[in-house]
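Each remark here refers to the structure printed beneath this line.
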Amino acid sequence: MEISFFNMMEIPPRTKLFDFHGILMANYFTDTWEKVQNFKARPDDILIATYPKAGTTWVSYILELLYFGQTAPDRLTSIPIHERVAFLEISDPTMDAGVDLAEKLPSPRLIKTHLPIQLVPKSFSEQNCKIVYVARNAKDNVVSYFHFDSMDVRQPEPGDWNSYLNRFMEGKVVFGSWYDHVNGWWKKKQTYSKLHYMFYEDMIENTEREIDKLCSFLGLSPSIEEKKQIRGEVQFDSMRKNDMLNYSSFPNMDFTISKFMRKGKVGDWKNHFTVAQNEEFDEDYKRKMKDPTLQFRTEI
Ligand code: A3P
């Protein structure tokens with residue numbers, strides 16, 4: 001049997017979902033809410049916003065390498081990513097609350113959030129902060145989330161795959177509806193020029209091209225050598241092996257159930273959806289995703 005750090009810990013109870021300002025949430029994302037709402041962003045903060053499991057860690061690491069890869073490389077090899085990138089809304093007794101960690105970070109502070117646009121502290125747009133949003137197609141996103149909810153034993157009980165899929169379609173998972181999340185942030189992009197909206201599928205298709213686009217949004221011009229190095233370090237296999245990125249020492253994750261860096265592919269949904277589930281999902285998707293300008297690819 002594989003021994004994980006988790007096996008040595010007392011198993012914490014799974015949390016229950018509850019309604020929080022119109023979306024479903026778990027208490028360890030709302031316990032510091034007053035501080036989150038009053039969070040004072042700084043103009044050079046960079047907010048990484050995603051629905052859970054859309055590629056947050058991947059893009060966070062790219063940003064870290066761009067900003068600190070040359071100036072503070074030791075930081076990246078000696079401190080786990082959850083202590084380098086502040087998870088704004090998290091309040092977990094095993095680590096600093098996101099709002100507190102943010103106070104300790106070097107500039108530019110990289111701050112991640114899974115909040116839907118309407119719950120993000122106003123300070124980020126008041127300070128005109130750059131925001132990088134990453135979206136992933138709903139089918140792969142729900143598969144990844146299902147495996148994550150199975151292995152992260154803080155998360156609410158996932159149940160079986162079929163019931164999980166139905167709850168995802170109804171928005172009854174932590175951080176609420178995927179459909180509202182991706183649409184809400186897409187709308188924000190139309191009025192807020194400092195928002196760069198990326199797609200996981202584009203990153204898989206051509207990581208280099210997407211890093212170039214990200215750099216032009218950020219106003220960065222890394223050397224060819226630096227870009228090559230970044231491209232190598234952010235490959236799935238490299239990140240999966242990197243203990244500072246793969247969450248292998250994270251107390252609430254049971255790696256005997258699933259890895260955090262699980263497959264890193266587009267189209268894994270085909271190994272999970274039955275034909276009937278797929279038809280029902282597509283019908284429901286058409287009803288919810290009305291904006292023709294927001295298109296996702298479920299295969300590449
Ligand atoms: P899978 O479960 O489909 O493998 P997040 O960081 O938002 O929690 O997202 C996690 C998902 O991103 C996981 O998807 C993980 O494997 C994938 N991922 C992380 N790093 C990646 C990389 N370098 N390339 C491709 N996918 C990556």
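Points worth noting:
- Length-normalised contact order of the range 29-288 in % [C-alpha pairs under 8 Å, at least 6 apart]: 24 percent
- Length, then width, then depth: along the principal axes, the Cα atoms of the range 43-160 run 45, 34, 28 Å.
- Applying a DSSP loop filter and a limit of 11 other Cβ atoms within 10 Å to the trypsin sites (Lys or Arg not before Pro) in the range 268-300 leaves K290.
- Using 0.36 nm per residue and subtracting the Cα-Cα separation, the extra length available between E205 and Q70 on full extension is 46.0 nm.
- Compared with the rule-of-thumb size 2.2 N^0.38 Å for a compact globular protein, the chain has a Cα radius of gyration ratio of 0.96.
- For the range 72-128, average projected area of the Cα convex hull in nm²: 4.6 nm²
- Fluctuation leader among E280, E201, E89 - the chain, Gaussian network, Cα springs under 10 angstrom: E280
- Nonlocal amide H pairs with H196, under 5 Å, H built at 1.01 Å: I131, V132, Y133
- Computed over the range 58-180: relative contact order in percent, which uses C-alpha pairs under 8 Å that are six or more apart: 17 percent
- Highest-first arrangement of 235-248, 209-222, 55-68, where packing means the average Cβ count within 10 Å: 55-68, 235-248, 209-222
- Global form of the range 184-300, assessed from the alpha-carbon gyration tensor, a/c cut-off 1.5: oblate
- Per residue accessible area of the chain, 1.4 Å probe, in Å²: 46 Å²
- 222 nm mean residue ellipticity, helices alone, for the chain (DSSP H n ≥ 4; -39,500 (n - 2.57); rounded to 500): -11500 deg cm²/dmol
- Share of carbon and sulfur in the accessible heavy-atom surface of the chain [1.4 Å probe, %]: 52 percent
- Signed unit charges on C-beta, dipole axis of the range 29-288, positive-most listed residue I224, A54, Y145: I224
- Among A26, A138, A276: highest mean-square fluctuation, GNM of the chain, C-alpha pairs under 10 Å: A276
- Potential extension, D268-H21 segment - 0.36 nm per residue separation minus Cα distance: 85.6 nm
- Sparse-neighbourhood loop sites, trypsin sites (Lys or Arg not before Pro) in the range 10-57 - DSSP loop, at most 16 other Cβ within 10 angstrom: R14, K16, K40
- Remark: the range 27-108 projects, on average over all directions, an area of 5.7 nm² (convex hull of Cα atoms).
- Convex hull (Cα only) mean projected area of the range 134-258, reported in nm² to one decimal: 9.2 nm²
The values are calculated or read from the model by the stated rules, or taken from the named source; none is laboratory data. What you see is a predicted model, and the numbers here were worked out from it, not measured in a lab. Quick reminder, even Gly has a Cβ in these numbers, built from the backbone with ideal geometry, and neighbours come from all protein chains shown. For accessibility, only protein heavy atoms count, side chains too; no ligands or nucleic acids. Shrake-Rupley method; radii C 1.70, N 1.55, O 1.52, S 1.80 Å.
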